[in-house]
Each structure stands twice: as structure tokens, then as C-alpha cells.
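J.: One structure follows; several queries about it will come next.
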Amino acid sequence: MDGTERIAIDAAIGRITAKHVNAPIDLPPFDASAMDGYAVDATGLDHADEKRFDVIGESLAGRPSASSLSPGDTIRVFTGAAMPEGANAVVLQEDAVRQGATMITAPPVHHDQHVRHRGHDVRQGAELCCRGTRLSHFHLAWFAACGIEEVTVSRRIRVGVFSTGDELVERGRALGPGQVYDSNRFAITSLLREKAVETFDLGCIADDPQVIANSLEKACKNTDLLVTSGGVSVGDADYVKEAVDRIGRIEFWKIALKPGKPLAVGRVGPALFFGLPGNPVSAIVTYLLFVAPTIDRLGGHEPTPPLTLTATVHARVRHSLGRREYLRGTLRSSDGRLVVTPTGDQGSNRLATFAGANCLMVVDEDKKDIEDGESVDVILLPDEGAHLMHS
Ligand code: AMP
Ligand code: MG
């Protein structure tokens, strides 16, 4: 997609760089002490006997000493303080005895010990990240450390989200006979918050082929990507695929996937089109597997394949040949091994399968039932790893 913008780093989380970002300064910007102690010239101190120094000053973080060292001098330094002129090593406070204006230490003292060198983190001009990087908290922290205020990023992809179905009701209304609350539009717009997109919540469309066609045609004018849910199966009221076929193009329909078999992908005018299945779990899984990486790519970020882990299954999983299946599971470590358990009946209407789930278990199309104790591949659901805890 064309278009870039320059934005403050405060607003850049999750955005995709449209240019390399280079360090405008050396980081650290000066030689600094890494510890609390005494700055000395280490020359000749590798094999000497106990050594006495005159303490001639102090260098604190943000308040460097103006003095420079002559032989036999030392300057008291603290973590992050600039190394004084003439010093090239720090004697740890714990290795020093202070007697008035004298500091006594027992060598060896090595050149560069406990010194953070200017440019050791990154040199001025070096690349902090390349074009097409999705900016994380860690990139942005690094930019902040370099004093970077703004970055050039790809413009946000515009995503229009519809749900379809005569049975759907908005939250806040009472359910009538045969009605259910619309959860897909909520789920998709909520998942889109993690992406560098501008989301247009375009409401729910009735099961009427003309209304569907009109709504999509209108929406495609201002969007890069249209996502619908429902109406792509083979039921009598499934008009979405037919409508897209008529006003645009269906590239493919139906994939050997569980959940998510009826997924339809195509184009409406200038917009890419994803017709997600209506069942809530199918809609979420197909969003994660197909829509999310497409958004990344449209924004100029080549998605990396998910980290695949191997875990031992603690259950018997029935699986028929021919379709790849993504089961919701709970992954945990047990005695140093990864163990995964499916979260109950995997019906594609059951959002309950996401409760307690932290991963998708991948069962390949050429695999039959999986026995208790066998290994499977698992991929983590978004958010996992966002909160680390040291124990
Ligand atoms: P469909 O693919 O339109 O035949 O829908 C399949 C199932 O998913 C039906 O039980 C629908 O009621 C349900 N469904 C479709 N869209 C939604 C939605 N937006 N929120 C919740 N359930 C839905
Ligand atoms: Mg429907």
C-alpha cells in the first residue's frame, strides 16, 4: 500500500516503519561507569601491590567531574556517571578501602573494567531497525534512548468490518425468538486494535443479496480490506459469496480447514475481501490465520511464521483425514516438558473453547486420531508472553 506518515514515537506502537531508522547519536553518548566505585587509570595496575590513590573529586550521573586524573589520583564515581579525563577503569566500591581523602585497593585492576564505552550499545549512524519493522515497546524504548522524536511509518490500512445475518442483535437489546448477539463484529474489531489499521465498524447486514452487494460496493470505496462474517456457507440464506462473485471476484472459496472451512477470499473494487465463516470460533481462527498476516503484509511488514512448539498431548484427539485442524488448547510446562490439553468439546460455535486456551494445537490434514502421549505442534495465541513473571 502506498502512503507514509511521520508520527511521534508516543503514537508509534505497532506501526510499521517505512524507512530504516538509524541512531542519531552514539549510545551511550559518553564513556560511563557501570558501577559505584572509583575511577582510575589502570596502567601498570595489573600486577602491582596494594595501591593508594588521592581522591580528588566526584562524578555523579548527570554531574560529571571537571577534574582530570594525574597518576596516583582517583575520582569517586557512581553508576551512569561520566568517566573522568584520564580514567579508564573503575575499582568497585566493595574492593576499595576509604581512609579520608585516600582510597586503597589491591590490584589487579584491568583496563576498561566496569566501564560502559561510548557507542557500545549502538554507534551513531548504525541501523536501529530496517524498513518494514513492526515497532514494539522495545524498539520505541531504544528510539527514546537515542533521543528520536518521530518516525516515518506506513499509513494505516483501512479495514471495514461487517457482520451478516438476520438473527443478529446488538448488545444492549433483549433477544427475541431465534436471535443471538453479534459477537463476530465485536471480536474482529477488537482483534484489529492490535494492528496498524484504521477500523470501520460498518454494522450488520441483513441476509438479502442486494443489500449485501450494495453495502460492500459502497464500503469498498474507502477501504483497503473488507472483512465480513457469516453467509459464506452453503445454506439458503448464505448470499455473501454470491454477492461478491457478482460485484467483484472470488479468488477462492472453501479450504481444508477446521474450523473455518467456508472461508471466501476475493476482491470488491479496490478492496481485498475476506468472507469469514459465521461460527464465532471459525471467524476468530480464520482472522488469526489469514486476515492478520494479510494486514501485516499490506502495511509493508512481512509476517514471520509463528513460533511452533512441540508438546505432548494429554488427551485423545479424534481427527479425520483431509482437513487441517486448529484446536484450542492449554499449554503448560510439567517437569520440564510442554504438555497441551484441548479445552473441551471443540464445536466451532463454542467460544468457551477459548476460555483457558493459550494456544492452537495443529493437527495436520494427513494425520489420524492423536493418542494420549503423542506429540503435536502448537502455536501461541496472541497475547501469550505479554506478561512474564519471574518465579
Ligand atoms: P452462517 O455462516 O451465516 O450460516 O452462520 C453460522 C452460525 O454462526 C450461525 O449459527 C449464526 O447464527 C452464527 N453467526 C453468524 N454470524 C455471527 C455473529 N456475527 N455473531 C455470532 N454468531 C454468528
Ligand atoms: Mg448467516
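J.: What accessible surface, in Å², does a 1.4 Å probe find on GLU170, ignoring ligands, DNA and RNA and rounding to the nearest 10?
T.: Approximately 80 Å² of GLU170 is accessible to the 1.4 Å probe.
J.: Pull up all non-local amide H partners of ARG328: gap of 5 or more, or a different chain, and H-to-H distance under 5 Å with H placed in the peptide plane.
T.: The list, which skips near neighbours in sequence, is THR343, MET361.
J.: Going by Cα centres, the range 149-173 and the range 301-366 are how many Å apart?
T.: Here the answer is 27 Å between Cα centres.
J.: Would you work out what percent of the accessible area of the range 7-151, with all protein chains in place, is carbon or sulfur (probe 1.4 Å)?
T.: Working: 3860 of 7720 Å².
Roughly 50 percent of what the probe reaches on the range 7-151 is carbon or sulfur.
J.: Over the range 50-93, one equal point on each Cα, no solvent: what is log10 I(q)/I(0) by the Debye formula at q = 0.29 Å⁻¹?
T.: -1.14
J.: Give me a comma-separated list of calculated 3J(HN,Hα) values for the range 240-254, in order, Karplus coefficients 6.51, -1.76, 1.60 applied at θ = phi - 60°, integers in Hz, x for any Gly or Pro.
T.: Along the range 240-254, the couplings run 5, 4, 4, 5, 5, 4, 7, 8, x, 8, 9, 7, 8, 9, 6 Hz.
J.: Roughly speaking, to the nearest percent, how much of the range 330-382's 1.4 Å accessible area is carbon and sulfur?
T.: Ligands and nucleic acids excluded, carbon and sulfur reach 46 percent.
J.: Long-range amide H contacts for ASP26: which residues qualify at under 5 Å (H placed 1.01 Å from N, peptide plane, sequence gap of 5 or more or a different chain)?
T.: GLN124
J.: Then there's this: Based on the alpha-carbon gyration tensor of the range 273-391 and its eigenvalue square roots a ≥ b ≥ c, which shape applies: rounded if a/c is under 1.5, prolate if not and a/b is larger than b/c, or oblate?
T.: Here the range 273-391 falls in the oblate category.
J.: Past 31 Å, Cα to Cα: identify those pairs from LYS195/LYS254; LYS218/LYS261; LYS19/LYS218; LYS254/LYS368; LYS195/LYS241, in the order given.
T.: LYS19/LYS218, as the Cα separations exceed 31 Å there.
J.: Please build a GNM for the chain, connecting alpha carbons under 10 Å apart, and tell me which residue among ARG267, ARG328, ARG98 fluctuates the most.
T.: Maximum among the listed residues: ARG98.
J.: In the chain, how does Rg compare with the Kirkwood Rh, expressed as the Rg/Rh ratio over alpha carbon atoms?
T.: Numbers: Rg = 30.1 Å, Rh = 25.6 Å.
Reported Rg/Rh, Kirkwood definition of Rh: 1.18.
J.: Right, here's the next one. Please sort 175-181, 128-134 by packing, taking for each peptide the average over its residues of neighbouring beta carbons within 10 angstrom, highest first.
T.: 128-134, 175-181
J.: Between VAL77 and residues 5 or more places away or on another chain, which pairs have amide H atoms under 5 Å apart, with H built 1.01 Å from N, and which residues are they?
T.: Under 5 Å from the amide H of VAL77: GLY37, TYR38, ALA39, SER59.
J.: Please list 3J(HN,Hα) in residue order for the range 209-219, calculated via the Karplus relation 6.51 cos²θ - 1.76 cosθ + 1.60 where θ = phi - 60°; whole Hz, with x for glycine and proline.
T.: Going residue by residue, I get x, 6, 5, 4, 4, 4, 4, 5, 5, 5, 5 Hz, with x marking Gly and Pro.
J.: Quick one: Karplus J couplings for the range 6-21, per residue in order, coefficients 6.51, -1.76, 1.60, θ = phi - 60°, nearest Hz, x for Gly and Pro?
T.: Once θ is set to phi - 60°, the couplings for the range 6-21 become 9, 9, 5, 5, 4, 9, 9, 4, x, 7, 10, 5, 9, 8, 4, 10 Hz.
J.: Please compute the per residue accessible area over the range 1-147 with all protein chains in place, 1.4 Å probe, rounded to a whole number of Å². Write out the running numbers ahead of the final one.
T.: Numbers: 8040 Å² over 147 residues.
Value for the range 1-147: 55 Å² per residue.
J.: Something else about it: With springs only between Cα atoms under 10 Å, which of PRO28, PRO259, PRO64 fluctuates most in a Gaussian network model of the chain?
T.: Result: PRO64 has the largest fluctuation of those listed.
The values are calculated or read from the model by the stated rules, or taken from the named source; none is laboratory data. Quantities reported herein were computed from a predicted structural model and do not represent experimental measurements. Because the Cβ atoms are built from the backbone with ideal geometry, glycine has one as well, and the counts that use them run over all protein chains shown. What goes into the accessible areas is simple: the full protein's heavy atoms, side chains included, and nothing from ligands, DNA or RNA. Shrake-Rupley method; radii C 1.70, N 1.55, O 1.52, S 1.80 Å.
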